[in-house]
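See structure below.
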Amino acid sequence: MAEDWLADVRKYVADADEKVVAAIVRHCGIALQKRDSSLVSFSDSKETDRVRENFLKKKLGLTHDDATLDAAITAVGERMKGDRTKNRVTVYYLLTEHFGLFDIFGGAARAAGAAAAGLTGAAAAAGAAAGAALGGDEDKADAGAGTGAAAPLAAAGLAGAGLAGGASAVEPPAPIPAPEPVPAADTRPAAAYGNPGGGSGGDDRGGGMGWLPWLLLALIVAALIFFGLRSCSKEEAAAPAGADVAATAPAVPGDTPTPDAAATAAATPAVPEGAGVVGAERDGKPMLSVYFDTGKSEVSNDLSGAAAGVKAYLAAHPGATLAVSGFNDATGNAALNAELSKKRAQGVAKALEGVGIAAASIKLEKPADTTGTGTDNAAARRVEVVVKD
């Protein structure tokens with residue numbers, strides 16, 4: 001299983017945004033721990049359907065028709081056909097780039113378009129038609145969910161309009177109504193700025209009012225961005241502190257958990273019986289909980305998948321460190337239990353070094369009370385790995 005997700009993405013996008021990659025890794029969560037669910041099979045229609053429904057529609061909030069979304073998925077598959085392992089993180093990054101929605105994962109918003117992602121054919125035509133609509137799909141969305149996706153779709157529409165000329169097979173939707181008709185040449189910024197008061201590209205009918213459609217368009221885009229960011233902020237504020245939905249929900253082969261299942265799992269984090277590792281979030285930062293069998297201190301689980309989030313965070317924040325703290329259950333001799341907690345923390349620190357995290361970034365930190373109280377014994381036998389800035 002690939003461990004360096006950023007390196008895999010940069011095989012296709014040399015300047016891939018580390019922050020966006022790390023956010024996609026957190027979104028995928030424990031689905032990346034198993035090889036089958038960490039890869040995407042483009043030959044399996046059920047799997048591509050899950051990518052369309054669970055990622056493009058539910059996560060990115062797209063409301064395009066299925067044919068348009070399937071065309072984008074197919075184009076990504078064609079782009080990666082020379083790669084034997086088609087990693088889910090890379091597929092999701094390329095799809096997010098194609099629709100210009102990096103801001104959903106905390107990255108800088110970019111203009112959508114198939115040319116920017118190196119996609120061709122049907123996906124390019126679909127991207128052009130979707131862009132020319134300039135939010136045409138927004139009216140079809142639910143009153144609550146559609147608002148959150150309005151800003152990214154508006155950005156996608158602006159870029160898509162530039163590609164429509166090369167996709168003659170797709171009929172562009174009707175443009176946004178303006179107070180008065182404006183010649184096609186006036187819709188290009190160069191023509192508008194080059195002929196401000198008249199002449200062959202200017203507006204001779206309104207006494208220098210050719211800027212009015214542009215002003216209205218800018219106000220519409222600004223309003224969409226404002227309400228989109230406001231909706232995203234409410235959605236983030238509603239997430240429960242100290243738990244990452246994607247990381248704690250049960251893994252669904254082929255894709256990430258649905259929002260309802262993820263919310264249920266986040267409310268009651270799954271604690272394995274005996275040894276296991278669970279990735280989550282605390283105070284908006286990735287963390288790990290490594291669980292142990294009774295009386296054991298050996299780390300028997302592979303941390304590479306679950307540690308991807310904290311590893312990516314350290315790479316994006318050079319000054320950050322990891323605090324590793326051991327706990328034990330309340331049964332047995334207290335002194336022996338305290339020593340067991342220390343050995344468990346040391347074992348996890350070594351395991352983190354084994355997956356590529358620098359020893360200088362790992363700090364052993366003794367908690368105020370190593371004996372877990374107020375919880376069941378299985379949950380108490382653990383080591384917590386949290387980010388410290």
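Values in this text are rule-based calculations from the coordinates and carry no lab data. It should be emphasised that the depicted structure is a prediction, and the values quoted were computed from it without experimental measurement. Positions of Cβ are generated from backbone atoms using ideal geometry, with glycine treated the same way; all protein chains shown enter the neighbour counts.
Sort the following peptides by mean Cβ neighbour count (other Cβ atoms within 10 Å, averaged over residues), highest first: 340-351, 211-222.
Sorting 340-351, 211-222 by mean packing, highest first, produces 340-351, 211-222.
Using a Cα-Cα cut-off of under 21 Å, which lysines could be cross-linked to residue 366, ignoring same-chain neighbours fewer than 8 residues away?
Excluding near neighbours in sequence, the set is 285, 296, 342, 343, 350, 388.
Using square roots of five times the C-alpha gyration tensor eigenvalues, list the equivalent-ellipsoid semi-axes of segment 271-388 in whole Å, biggest first.
Details: eigenvalues 109, 37, 34 Å².
The three semi-axes for segment 271-388 are 23, 14, 13 Å.
If every alpha-carbon in segment 334-389 counts as one equal scatterer, what log10 I(q)/I(0) does Debye give at q = 0.16, 0.21 1/Å?
Calculated log10 I(q)/I(0) at the listed q: -0.54, -0.86.
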